[in-house]
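For reference, the structure discussed in these notes is given below.
Read-outs: derived from the displayed coordinates by stated rules, not from any lab. Computed from a predicted structure; not experimentally measured. For neighbour counting, all protein chains shown are included, and Cβ atoms are generated from backbone atoms with ideal geometry for every residue, glycine included.
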Amino acid sequence: DTEVTQTPKHLVMGMTNKKSLKCEQHMGHRAMYWYKQKAKKPPELMFVYSYEKLSINESVPSRFSPECPNSSLLNLHLHALQPEDSALYLCASSHRGTQYFGPGTRLLVL
Amino acid sequence: QKEVEQDPGPLSVPEGAIVSLNCTYSNSAFQYFMWYRQYSRKGPELLMYTYSSGNKEDGRFTAQVDKSSKYISLFIRDSQPSDSATYLCAMIAGYSSASKIIFGSGTRLSIRP
């Protein structure tokens, strides 16, 4: 089973809202990732968690706040987003360098 | 110069043709090479991964890595309309659990029925 699940599939939020994206994997992978993907572009790395600790933050604005409650779960908390933050948000987990992606959450910020 | 170069296409071929997708790279430390397929508005799906130089075959798909030339390829035989998608090459230097993957820009492929 190489499944990474993400909820919700779609999200529309206003610039003053607070929302969270959720990601789950049960493959025993100890690294999990958040990516942002704009149309016709490759995924752009945001955060990496390794063994439930934040190991890479690619200078992401503080309105994005990641959280790793346990080895299977990854959250991305969103607050005061801007319209330019509208994108597909992808979660991934990895084993021996190979990353497996979830289906993504399509976020629209109004 | 980007670490990974990939022709964005679009590439349009008739059904049944052999498709060749390619990437070049500059970092000789890359050891793991992957191809992802991404349908519109979906997450990337891992198609193939290879370690170091050589070939790997899986059904209609063959991945080739030539480390001496810093060149990787994905071949699709007997292409089908369902193969129409964006194909992303990706590579990584090590396999520590938090290694950064470097993506190509993606090639948009269209298979004409």
| field | Dipole moment magnitude, nearest 20 debye, segment A:35-90 about Cα centre, only Lys, Arg, Asp, Glu C-beta charged | value | 180 debye
| task | Would you list which lysines come within 27 Å of residue A:36, measuring only between C-alpha atoms, while excluding same-chain residues fewer than 8 positions from it? | result | A:9, A:18, A:19, A:22, A:53, B:2, B:42, B:100
| message | For the protein assembly as shown, which cysteines have no second Cys with its Cβ under 4.7 Å from theirs? | response | A:68
| task | Name the long-range amide H neighbours of residue B:85: under 5 Å, sequence gap of 5 or more, or other chain; modelled H, no Pro or chain starts. | result | B:109
| message | Can you give me the C-alpha center-to-center distance between segment A:47-86 and segment A:90-110, rounded to a whole angstrom? | response | 12 Å
| request: Give the calculated FRET efficiency between residue B:100 and residue A:63 to the nearest 0.05, with a Förster radius of 35 Å applied to their Cβ-Cβ distance. | output: 0.95
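On average, how many beta carbons from a partner chain sit within 10 Å of the beta carbon of a residue in A:92-105? Please list the in-between numbers first.
Values: counts 4, 1, 7, 2, 9, 16, 9, 10, 5, 7, 2, 5, 5, 1.
The mean count of partner-chain Cβ atoms within 10 Å per residue comes to 6.
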| said: With +1 assigned to the C-beta of every Lys and Arg and -1 to the C-beta of every Asp and Glu, and no other charges, what is the dipole magnitude of chain A about the Cα centre in debye, to the nearest 20? | reply: 220 debye
| task | Give me a single rounded figure for B:102-111: the average over its residues of other chain Cβ atoms within 10 Å of their Cβ. | result | 2
| field | Relative packing of A:72-79, B:83-90, A:59-66, which averages over residues the other C-beta atoms within 10 Å, highest first | value | B:83-90, A:72-79, A:59-66
| task | Take the Cβ-Cβ distance between residue A:55 and residue B:57 as r, set R0 to 41 Å, and report the resulting FRET efficiency rounded to the nearest 0.05. | result | 0.75
| request: Would you mind computing, in nm to one decimal, how far apart the modelled labels at residue A:39 and residue A:70 are, each placed 7 Å from Cα along Cα→Cβ? | output: 4.0 nm
| said: Using alpha carbons only, how many angstrom separate the centre of segment B:51-113 from the centre of segment B:1-29? | reply: 8 Å
| request: State, to one decimal in nm², a quarter of the convex hull surface area for the C-alpha atoms of chain A, i.e. the direction-averaged projected area. | output: 6.4 nm²
| query | If you place +1 on the Cβ of every Lys and Arg and -1 on the Cβ of every Asp and Glu, how big does the dipole about the Cα centre of chain B come out, in debye to the nearest 20? | reply | 220 debye
| Just going by the charge dipole of chain A, with Lys and Arg at +1 and Asp and Glu at -1 on Cβ, which of A:17, A:50, A:77 is farthest out on the positive end? | A:17
